[in-house]
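In what follows, a single structure is set out as structure tokens and then discussed.
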Amino acid sequence: MKTQVGIIGGGPAGLLLSQILHLQGVESVILERQSRDYVLGRIRAGVLEQGLTDMLRDAQVGARMDREGLIHDGFHLAFGGRLKRIDLEGLTGGKTVMVYGQTEVTRDLYEARDAMGGTIIHEAAEVKPHDIETDAPYLTFEKDGMTERLDCDFIAACDGFHGVGRKSIPANVLKTYERVYTFGWLGVLSRTKPVDDELIYANHERGFALCSMRSNTLSRYYIQAPVDEDINAWPDDRFWDELKARLPGDAAARLETGPSIEKSIAPLRSFVAEPMRHGRMFLAGDAAHIVPPTGAKGLNLAASDVYYLSRALVTQYGDADESGLLGYSEKALSRVWKAERFSWSMTMMMHKFPEQGEFGAKMQEAELDYLTSSKAAMTAMAENYVGLPY
Ligand code: APR
Ligand code: PHB
């Protein structure tokens, strides 16, 4: 088999890259380890920056998002029993975010790739990149008991944090930066009306809480919990009681509870791998970086990588101009690090750290008090939340 761009991973990064390349006349093949049902069964965050929504529309996959997604022009920070609003639209000169689940984005991308005849090979096992430092790289994989080979001009490793792409870069070339947090987010999805029209991020002495949503009838809530917590120790009633205890009184009183339809604990991690290119292989999305979910930057960062990489590949094929590919890693990383900083600082400001002590708690309170009373500080928060320009 032969194609122009061999893509490892059929998550949002790989699918969006393939879709954009197709519309620009560049061929690709996606090799995905899991089945499609498995990929579509993963529940991930759901806040899309305007840059990403524009990209999805340009890639002809924005129609359902525009019908069903919810535009949010602000969100709330809760602390000290108070609720303070960050006016995203007012502070950024009209920018907003779209609440639309990553799972739905992925579903829309699969449908578009199918409709346009895209090749996605699911349940491709043992995918391996070869000869990435040469002009003739290729991928091998196992499918239905046979070993297959995919020759390509370039490889895009969009294979998530546990993928093979990053691991194929020699150790003396790759530098990684990491911070692992000692707690996780216990998340619940429920068919209930969201407690508020907007998201609420709460700093509380019992720990962080987040009220989010997928639609007007589907809520997504999270509470900070020990990362090794047994999920069975959290029957629904205990979850709802703990969430209420961490919200300001009026929000707690309004909270509609119901049976959970999904419940899981996710660890929090900050991670960056540099460079994002080695020879003819390019890393994009979670393959190269992870942010803690505070601020919902994971999917948005994958999208900005795809933005730079797709343009670079298109100019390479269209104009034989390799400057975009040569500059890809540096350009992508400059935006990645800023989103890493934002996600880390929001995580530090909103969570209870076991080692922080009373002084640390006072620092968080002062930071939140300052942030929500200074237009300059709120503007910086809003500018990052809606997403920095590409
Ligand atoms: N071979 C083939 N496919 C692989 C391999 C492999 N060795 N390893 C991983 N994959 C697949 C995974 O099964 C997954 O479907 O690569 C895909 C990677 O998708 P994601 O983990 O979703 O990563 P990405 O596409 O970069 O999406 C960005 O944003 O909100 C965050 O973490 C969240 O997934 C989200 C990410
Ligand atoms: C979510 O809805 O899952 C979500 C929203 C905002 C975040 C993180 C997760 O910051």
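One table, with the values for the structure above:
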read-out	value
Long-range HN-HN contacts of ARG277 with modeled amide H, under 5 Å	LEU283
Length-normalised contact order of the stretch 245-295 in % [C-alpha pairs under 8 Å, at least 6 apart]	33
Relative contact order of the chain, pairs being alpha-carbon contacts under 8 Å that are 6 or more residues apart, as %	20
Cα centroid separation - the stretch 265-335 against the stretch 155-181, whole Å	12
Burial ranking of peptide ranges 282-292, 300-310, 239-249, 43-53 (average Cβ count within 10 Å, highest at the top)	282-292, 300-310, 43-53, 239-249
In Å, descending, principal axis extents of the Cα set of the stretch 100-252	63, 42, 28
CD proxy at 222 nm, helix term only [per DSSP H run n ≥ 4: -39500 (n - 2.57); per residue of the chain; nearest 500]	-11500 deg cm²/dmol
5 angstrom amide H check on HIS72, placed H, neighbours 5+ away	VAL97, MET98, VAL99
Degrees between helix 236-245 axis and first principal axis of the chain (Cα, 0 to 90, nearest 10)	60
Average Cα contact separation per residue, the stretch 1-152, under 8 Å, 6 or more apart, as relative contact order %	30
Karplus (6.51, -1.76, 1.60) ³J(HN,Hα), θ = phi - 60°, over the stretch 177-187, in Hz, Gly and Pro reported as x	10, 8, 9, 9, 8, 8, 10, x, 10, 8, x
Crossing angle, helix 323-350 versus the chain [Cα axis fit, 0-90 degrees, rounded to tens]	20
The stretch 113-153 versus the stretch 64-82: alpha-carbon centroid distance in Å	40
Rounded to 10°, Cα long-axis angle of helix 102-115 versus longest principal axis of the chain	30
Mean Cβ neighbour count within 10 Å, used as a protection proxy, ranking 222-228, 155-161, 13-19, 133-139 highest first	13-19, 155-161, 222-228, 133-139
Residue-wise HN-Hα coupling along the stretch 297-308, computed from phi with Karplus coefficients 6.51, -1.76, 1.60 (Hz; x: Gly, Pro)	8, x, 5, 5, 6, 4, 5, 5, 4, 5, 4, 5
Mean Cβ count within 10 Å, highest first, over the residues of peptides 366-372, 355-361	366-372, 355-361
Filter on LYS297/LYS375; LYS263/LYS331; LYS263/LYS352; LYS143/LYS175 - keep pairs with C-alpha separation over 26 Å	LYS263/LYS331; LYS143/LYS175
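Readers should treat all values here as calculations from the given coordinates under stated rules, not as data from a laboratory. Not measured: the values here are computed from a predicted model. As a convention, Cβ positions derive from the backbone with ideal geometry for all residues, glycine included, and neighbour counts pool all protein chains shown.
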